[in-house]
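Scroll down for the structure; my scribbles are underneath it.
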Amino acid sequence: IVEKLMDKAPTALSDKWGSLLDVNFKLLILKALSPIDIQVIAPDGRKVGKNFQTDLEINEIDGAFYSGFLTDNEYVAIFNPIEGTYKVVTRGTGNGGKYTVVAGYISGDSLNESEVTSHILPNSQEEIGVIINANDSGALLEAEETTVITLYDLRNHLEQMYGLGWITNPKFKNKLAKIVDEAIEEWEEDKEIEDDFGEEFLEKLENGFKKNLLTAEGYGFLREDLAMLVVNNQ
């Protein structure tokens, strides 16, 4: 199986997988579709995937396998995973853009799947929560993006996106930046912003996209930023 997935034979064999012959074994698979690298943090804090501090692989979870980060798409497989919330930390590679994380959980003869699609900037990080929860009706799997965005993050993202060419018109970038700057000023003075901030920003964003003032990546990314914006956590 490893040879089929990786196009190379494994360099070492282990006999510790004997328990997988049990028909009741459980398996969590997390697949990252480019342009991202991933690190998975289990509910007990142990990690598997890419170590973003050392740029090396890390595997602290017994019964886990990481495909490595030298390919366009990566995956992590965790055998007999503990229940709870797994944090999937994603980091943008290449020029960034649209990516997908697919989660699959096999328990006995049942399969549950969930996925998250998002946009990411190069070298920036986002988080996805994957929850395994067993109940009377069987095991449930739920994946959702848990990244928190502040007004300051949104402001910085505008500059990064302009540098990447995701925002193609400098005047349009400045108009969006002005809306965010005014909101930051309001928050710093009163610890709150006007209720219509999101509507105003989204309206300008949609008009700009219709006029080709930003790319599809930029449009999708900023819509997601707006959806994840948490002002009270500035």
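A short reminder: the numbers here are calculations on the coordinates, not readings from a lab. This is a predicted model, so every value here is computed, not measured. Cβ: placed from backbone, ideal geometry, glycine included. Neighbour counts: every protein chain shown.
How many of the residues in the range 176-204 are surrounded by 16 or more Cβ atoms within 10 Å (Cβ to Cβ), more than 13 Å from LEU229 (Cβ to Cβ) and of a type outside the set (Asp, Glu)?
Going through the range 176-204 one residue at a time, the tally reaches 3.
Does the range 95-111 contain at least one residue that is farther than 27 Å from GLU217 by Cβ and polar (S, T, N, Q)?
yes
Residue by residue, here is whether (1) surrounded by fewer than 17 Cβ atoms within 10 Å (Cβ to Cβ); (2) out of contact with any Leu (no Cβ under 7 Å at 6 or more places or on another chain); (3) of a type outside the set (Lys, Arg); (4) in a strand (DSSP E or B) holds:
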{"residue": "ALA103", "(1), (2), (3), (4)": "no, no, yes, yes"}
{"residue": "LEU111", "(1), (2), (3), (4)": "yes, yes, yes, yes"}
{"residue": "HIS119", "(1), (2), (3), (4)": "no, yes, yes, yes"}
{"residue": "ILE132", "(1), (2), (3), (4)": "no, no, yes, yes"}
{"residue": "GLY163", "(1), (2), (3), (4)": "yes, yes, yes, no"}
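Quickly run through the range 205-230 and pick out the residues that are buried (at least 17 other Cβ atoms within 10 Å of the Cβ) and assigned to a helix (DSSP H, G or I).
Selection gives LEU205, GLY208, PHE209, GLU217, GLY218, TYR219, GLY220, PHE221, LEU222, GLU224, ASP225.
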